[in-house]
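Quick note: the coordinates plus some simple rules give every number you see, no bench work behind them. This one's a predicted model, so the numbers in the text were calculated from it and none came from an experiment. Note that each Cβ is placed from the backbone with ideal geometry, even for glycine, and that neighbours are counted across all protein chains shown.
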Amino acid sequence: MFSKIKAIRMQQGMTQKQIAERMGCHPATYAQVEQGRRVASARLQAAITEALGEKWADEKLFDDRGLVL
């Protein structure tokens with residue numbers, strides 16, 4: 001099962017590297033969050049949401065601990 005952020009990224013035809021570049025972080029950091037292997041801080045959550053596009057700003061992409069849904 002895909003995380004919401006992976007599904008959105010794939011729907012947009014983007015790679016993990018492209019999202020990471022938009023965020024200004026290392027691709028491995030983004031990949032770990034997307035795969036649920038890293039907890040995303042509030043700052044990282046905001047950067048991911050912004051990189052995915054404004055239409056996802058109101059969508060719940062992370063749980064209360066910062067893990068992807």
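Within segment 16-64, being out of contact with any helix residue (DSSP H, G or I) (no Cβ under 9 Å at 6 or more places or on another chain) and not charged (D, E, K, R) holds for GLN32, GLY36, SER41, ALA42, ALA46.
Restricted to helices (runs of 4 or more DSSP H) entirely inside the chain, those with at least 3 residues that are surrounded by 17 or more Cβ atoms within 10 Å (Cβ to Cβ) and hydrophobic (A, V, I, L, M, F, W, C) are 16-23, 42-52. Within segment 32-69, the set of residues being within 16 Å of PHE2 (Cβ to Cβ) and of a type in the set (A, V, I, L, M, F, W, C) comprises VAL33, ILE48, LEU52, TRP56, LEU61, PHE62, LEU67, VAL68, LEU69.
Restricting attention to segment 47-69, which residues are more than 16 Å from GLY36 (Cα to Cα) and hydrophobic (A, V, I, L, M, F, W, C)? First the steps, then the outcome.
Of the residues in segment 47-69, the ones more than 16 Å from GLY36 (Cα to Cα) are 47, 50-59.
If the condition is that a residue be more than 16 Å from GLY36 (Cα to Cα) and hydrophobic (A, V, I, L, M, F, W, C), then ALA47, ALA51, LEU52, TRP56, ALA57 are the ones that fit.
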